[in-house]
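A.B. asks: Got a structure here, written out as structure tokens. Questions coming.
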Amino acid sequence: MPATRCTTLWCVLLLAVVASWNVRAVVGFDFVAMDDDINVYFNPHLGPPGAATLKWMFTDAVYMRRYIPLGWLNFSIVYQFSGLTPVGYHVANILFHVANTLLLFVVTRRLLRRWSGVSDETWGNVCATIGAALWALHPYRAETVGWVSGLLYGPAGSCALLAVLAYLNVLDHPAGSPTRGRWLIATGAAYLGSMLVYPITLGLIGIFVMLDAAEWQHGPAGKSAGAARPISFGRLALEKMLLVLPGIAVLGVTIAMRIGADSFWAKPASLRDFSLLQRTAQACYAWADYLVARWWPVRLTPAPTRLLEVHPGDFVFLASAFFVIGTTVALAWRRAWRWAALLWWLAFVALLIPMLGFMEHPYFACDRYDYLAGMVLSAAVAFVLVHVQSRWRGLICGLALIALVGFAWLQQRQLRAWENMDALERCLIDGSDSRAFLSMQFSNWAKHHAAYGAPDRAAAILAEGERRCGPGPWLDEARAAVANTSLGSALHTRMAMDFSRAGRSVEAREHFRRALLLDSGLGAAGINYAVFQAFAGEPLDALHWYYQAVAGSRDGVPSATRFRVLGLIAEKFFDAGQSVLACRAAETALHDAPSASEAEKLQRRLEDYRRAADGASKPVARD
């Protein structure tokens with residue numbers, strides 16, 4: 001095996017192991033009531049892939065503010081294997097995290113080979129590994145890996161990276177060639193796929209333009225005699241239009257859905273309430289923050305409150321605008337190194353455009369919004385490192401290792417915020433000094449525990465909130481909301497019954513199971529789950545849940561219900577060839593017969609069960 005290929009394989013293996021090992025704890029994390037409820041466990045439409053589920057994914061324009069059919073499909077596929085158990089979603093998040101780390105390594109290697117002008121491929125592999133590891137181990141990744149709803153970002157990122165790889169292949173072929181056309185189609189398909197997963201990749205078209213600019217200005221490093229000739233500007237513009245039109249269509253649908261949001265989602269802020277100048281100041285702050293703060297990622301919170309109020313005349317907003325505009329102008333002077341830096345800067349700016357909250361107020365510059373832009377900065381680091389002279393490379397590797405260990409430690413700390421709802425709310429509260437935001441979080445936290453049958457815990461949380469935020473209307477409203485909060489187990493039971501009536505037994509069974517995990521004394525859920533398990537061919541499990549429901553039900557199970565459910569279980573035991581168990585279930589059921597006729601009917605079936613049991617127990621005659 002050539003030395004370069006061996007180094008590449010070792011780099012890939014190292015990245016996969018380090019990226020997955022550092023986030024392994026998320027497998028044991030729970031759902032949190034921050035979008036996981038509406039996306040997954042209280043989503044009345046979600047289930048395994050099927051006709052009804054797929055129809056909803058591709059036609060719904062009400063439930064979600066964004067058009068994300070492939071994002072829903074991703075959740076649906078995981079649901080097929082994990083149901084309403086969070087572990088499957090967390091495993092999928094880890095897999096996408098590792099896959100995108102490796103894809104970023106591959107993309108960075110391709111970029112280094114094409115434009116770095118450095119012939120030492122082993123050192124190029126090392127630099128690409130450092131860049132990919134900086135992205136993978138950064139604390140900003142904790143949100144997209146530790147949060148079940150962060151599963152939207154992983155597949156969208158995978159499609160985006162595949163689109164960039166496909167476009168790099170486009171650049172390898174001359175205009176008009178069939179191979180270039182096929183790679184353009186592949187680029188467009190991957191780009192459209194990323195938009196349909198989650199429209200965070202609108203700015204990806206800017207990456208394609210930056211790649212064109214790099215090719216137009218420099219061409220591939222070490223250009224050979226057979227390299228493709230430069231393509232006209234008009235041809236490049238036409239290609240971009242073909243790539244961007246599907247994305248514009250998805251964006252148009254998404255904006256229409258956002259503007260037409262129903263009462264569940266707040267309407268976008270109007271220009272009267274949030275002016276164009278304020279939106280621009282907010283965008284400049286976010287651009288500067290994601291560039292500067294990522295190198296000192298401390299006191300991270302899933303909902304930073306710095307932009308709850310935007311006053312463009314304040315120093316922080318003026319400084320951010322000066323930084324963004326000044327950086328762009330300074331880099332625009334066309335010296336060689338500045339040209340390369342300008343392309344990296346514009347790529348970073350373009351990818352963040354969809355994440356700047358132009359339609360949102362209040363807006364939270366969340367860690368997850370750095371997902372794609374962080375890849376650009378990590379690849380840029382690799383480009384800087386690859387030009388380091390050989391005598392300094394050992395020192396650079398040592399410093400990089402120290403930085404990566406520090407990032408990995410901070411990432412593990414940040415991951416703990418997503419372990420459960422208590423950890424998340426504590427992180428949100430400790431990371432904010434806004435009284436209005438704190439009171440909202442204490443209220444949400446208390447309602448969560450009330451819904452999960454812990455009123456004492458809810459009362460303790462509101463008491464802490466009163467100490468932190470003081471009394472006021474918010475506290476009265478929170479106490480009233482807690483008193484009227486529906487129990488989560490009851491909501492799951494209601495959803496299970498709805499799915500049952502719709503004939504979607506898999507989803508019904510999952511919601512019955514979830515209801516019983518929350519409240520084992522819920523008789524209706526236990527009985528219905530026993531029925532579903534019986535029809536699923538699991539009579540022994542059905543019998544277990546039947547007895548648990550009867551023994552633990554606070555309201556009692558009616559005798560007629562006990563009779564019919566046990567009779568069903570007996571029949572399913574008989575169908576499974578377990579005649580002795582069928583006899584025992586039927587004999588027990590007879591004690592609760594609601595009428596003589598029904599008792600007589602079950603008695604006749606009991607005789608059939610006994611004959612079958614006697615026949616099975618007789619020795620077989622031998623010649």
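The values are calculated or read from the model by the stated rules, or taken from the named source; none is laboratory data. Please read all numbers here as calculations on a predicted model, not as lab measurements. Cβ coordinates were reconstructed from backbone atoms using ideal geometry, including for glycine residues, and neighbour counts include every protein chain displayed.
A.B. asks: Considering ALA25, ALA51, which residue is surrounded by fewer than 17 Cβ atoms within 10 Å (Cβ to Cβ), touching a residue at least 60 places away in the same chain (Cβ under 8 Å) and outside the structural domain of LEU517 (by TED's automatic domain parsing)?
C.D. replies: Details: ALA51 fails: touching a residue at least 60 places away in the same chain (Cβ under 8 Å).
Matching residue, one of ALA25, ALA51: ALA25.
A.B. asks: LEU112 is checked against (1) touching an Asp or Glu at 6+ places or on another chain (Cβ under 9 Å); (2) over 30 Å from ALA213 (Cα atoms) and fails just one. What number does that condition carry?
C.D. replies: So the condition that LEU112 fails would be (2).
A.B. asks: Quick one: in the stretch 168-188, of everything that is small (Gly, Ala, Ser), touching a residue at least 12 places away in the same chain (Cβ under 8 Å) and surrounded by fewer than 19 Cβ atoms within 10 Å (Cβ to Cβ), which residue is farthest from TRP115 (Cα to Cα)? Quick ask: steps written out before the conclusion?
C.D. replies: To start, the set of residues in the stretch 168-188 that are small (Gly, Ala, Ser) comprises 175-177, 181, 186, 188.
Adding the requirement that they be touching a residue at least 12 places away in the same chain (Cβ under 8 Å) leaves 175, 186, 188.
Retained after the next criterion (residues that are surrounded by fewer than 19 Cβ atoms within 10 Å (Cβ to Cβ)): 175, 186.
Values: ALA175: 20, ALA186: 23 Å.
Ranking the candidates gives ALA186 first.
A.B. asks: For the stretch 505-521: of the residues being assigned to a loop (DSSP other than H, G, I, E, B) and under 31 Å from the mean Cα position of the chain (by Cα), which is modelled with the highest pLDDT? So that I can check it myself, show each step before the final result.
C.D. replies: Initial filter on the stretch 505-521 (assigned to a loop (DSSP other than H, G, I, E, B)): 519-521.
Now restrict to residues that are under 31 Å from the mean Cα position of the chain (by Cα): 519-520.
On the way: ASP519: 76, SER520: 69.
Step by step, filter the stretch 505-521, then rank; the result is ASP519.
A.B. asks: Now, a different point. What are the residues in the stretch 461-504 that are free of Cβ contacts under 8 Å to residues at least 40 places away in the same chain and not in a helix (DSSP H, G or I), if any?
C.D. replies: Matches in the stretch 461-504: GLY470, PRO471, GLY472, ASN484, THR485, SER486, LEU487, GLY503.
A.B. asks: Answer yes if at least one residue in the stretch 382-392 is modelled with pLDDT under 95, among the basic types (Lys, Arg) and in contact with a helix residue (DSSP H, G or I) (Cβ under 9 Å, 6 or more places away or on another chain), and no otherwise.
C.D. replies: No; the residues of the stretch 382-392 include none that is modelled with pLDDT under 95, among the basic types (Lys, Arg) and in contact with a helix residue (DSSP H, G or I) (Cβ under 9 Å, 6 or more places away or on another chain).
A.B. asks: May I pose another question? Quick check, is PHE323 touching a Cys at 6+ places or on another chain (Cβ under 9 Å) and either within 25 Å of TYR363 (Cα to Cα) or not hydrophobic (A, V, I, L, M, F, W, C) (or both)? Full working, then the answer.
C.D. replies: Working: touching a Cys at 6+ places or on another chain (Cβ under 9 Å): yes; either within 25 Å of TYR363 (Cα to Cα) or not hydrophobic (A, V, I, L, M, F, W, C) (or both): yes.
Yes; evaluated as a whole, the condition is true for this residue.
A.B. asks: Restricting to the stretch 416-448, and then to whatever is of a type in the set (Gly, Ala, Ser) and outside any loop (DSSP other than H, G, I, E, B), can you tell me which residue is surrounded by the fewest Cβ atoms within 10 Å (Cβ to Cβ)?
C.D. replies: Restricting attention to the stretch 416-448, the residues satisfying the condition of being of a type in the set (Gly, Ala, Ser) are 417, 423, 431-432, 434, 436, 439, 443, 446.
Checking which are outside any loop (DSSP other than H, G, I, E, B) leaves us with 417, 423, 436, 439, 443, 446.
Values: ALA417: 23, ALA423: 17, ALA436: 13, SER439: 22, SER443: 22, ALA446: 27.
That would be ALA436.
A.B. asks: How many residues are of a type outside the set (A, V, I, L, M, F, W, C) and either closer than 30 Å to TYR452 by Cβ or modelled with pLDDT of 95 or more (or both) if we restrict to the stretch 1-39? Outline the logic, then answer.
C.D. replies: Within the stretch 1-39, the first condition is being of a type outside the set (A, V, I, L, M, F, W, C), and the residues that meet it are 2, 4-5, 7-8, 20, 22, 24, 28, 30, 35-37, 39.
Then keep just the ones that are either closer than 30 Å to TYR452 by Cβ or modelled with pLDDT of 95 or more (or both); that gives 20, 22, 24, 28, 30, 35-37, 39.
So the answer is 9.
A.B. asks: In addition: Pick from ASP273, ASP212: which is modelled with pLDDT of 75 or more and closer than 23 Å to PHE437 by Cβ? If you could, list the steps in order and put the result at the bottom.
C.D. replies: Working: ASP212 fails: closer than 23 Å to PHE437 by Cβ.
From the options ASP273, ASP212, the qualifying one is ASP273.
A.B. asks: Here's a follow-up. Using the structure shown, decide if TYR363 is assigned by TED's automatic domain parsing to the domain that holds LEU291, crowded, with 20+ Cβ neighbours inside 10 Å, in contact with a Leu (Cβ under 8 Å, 6 or more places away or on another chain) and not in a helix (DSSP H, G or I).
C.D. replies: Values: assigned by TED's automatic domain parsing to the domain that holds LEU291: yes; crowded, with 20+ Cβ neighbours inside 10 Å: yes; in contact with a Leu (Cβ under 8 Å, 6 or more places away or on another chain): yes; not in a helix (DSSP H, G or I): yes.
Taking the combined requirement at face value, the residue satisfies it.
A.B. asks: Further question: Go through (1) under 26 Å from ARG509 (Cβ atoms); (2) surrounded by fewer than 20 Cβ atoms within 10 Å (Cβ to Cβ); (3) modelled with pLDDT under 90 and name the single condition TRP545 misses.
C.D. replies: With respect to (1) under 26 Å from ARG509 (Cβ atoms); (2) surrounded by fewer than 20 Cβ atoms within 10 Å (Cβ to Cβ); (3) modelled with pLDDT under 90, TRP545 is out only on (2).
A.B. asks: Step by step: first the residues of the stretch 43-76, then only those that are in contact with a helix residue (DSSP H, G or I) (Cβ under 7 Å, 6 or more places away or on another chain) and hydroxyl-bearing (Ser, Thr, Tyr), then the one that is farthest from ALA189 (Cα to Cα). Which residue is that?
C.D. replies: First pass over the stretch 43-76, keeping only residues in contact with a helix residue (DSSP H, G or I) (Cβ under 7 Å, 6 or more places away or on another chain): 44-49, 53, 57-58, 61, 65-76.
Those still in the list that are hydroxyl-bearing (Ser, Thr, Tyr) too: 53, 67, 76.
Values: THR53: 23, TYR67: 17, SER76: 21 Å.
Selected residue: THR53.
A.B. asks: Scan the stretch 315-343 and report the pairs whose first residue is more than 21 Å from VAL384 (Cα to Cα) and whose second residue is modelled with pLDDT of 90 or more and not in a helix (DSSP H, G or I), with Cβ atoms within less than 9 Å and a gap of 6+ or a chain change.
C.D. replies: Sorted first by the residue in the stretch 315-343, then by its partner, the pairs are PHE317/VAL310; PHE317/HIS311; LEU318/PRO312; ALA321/PRO312.
A.B. asks: Still on this model: I'm checking my understanding of the structure. Among residues of the stretch 449-460 that are of a type outside the set (Gly, Ala, Ser) and free of Cβ contacts under 8 Å to residues at least 60 places away in the same chain, which one is surrounded by the most Cβ atoms within 10 Å (Cβ to Cβ)?
C.D. replies: Within the stretch 449-460, the subset of a type outside the set (Gly, Ala, Ser) is 449, 452, 455-457.
Checking which are free of Cβ contacts under 8 Å to residues at least 60 places away in the same chain leaves us with 449, 455-457.
Details: HIS449: 22, PRO455: 14, ASP456: 9, ARG457: 16.
Checked the stretch 449-460; the qualifying residue surrounded by the most Cβ atoms within 10 Å (Cβ to Cβ) is HIS449.
A.B. asks: Now a separate question. With the requirement that a residue be assigned to a loop (DSSP other than H, G, I, E, B) and of a type in the set (Phe, Trp, Tyr), what does the stretch 64-103 give you?
C.D. replies: From the stretch 64-103, those assigned to a loop (DSSP other than H, G, I, E, B) are 64-68, 83-85; that's our starting set.
Correct list: TYR67 only.
A.B. asks: Being within 14 Å of the chain's Cα centre (by Cα) and closer than 15 Å to PRO155 by Cβ is the filter here, so list the residues in the stretch 40-68 that pass it. Let's see the steps before the verdict.
C.D. replies: Step one: of the stretch 40-68, the residues within 14 Å of the chain's Cα centre (by Cα) are 40-41, 68.
Matches in the stretch 40-68: ILE68 only.
A.B. asks: What number of residues in the stretch 272-301 are under 30 Å from LEU404 (Cα atoms), small (Gly, Ala, Ser) and crowded, with 20+ Cβ neighbours inside 10 Å? If you could, list the steps in order and put the result at the bottom.
C.D. replies: To start, the set of residues in the stretch 272-301 that are under 30 Å from LEU404 (Cα atoms) comprises 283-301.
Add one more test, that the residue is small (Gly, Ala, Ser), and what stays is 283, 286, 288, 293.
From what's left, crowded, with 20+ Cβ neighbours inside 10 Å: 283, 286.
Count: 2.
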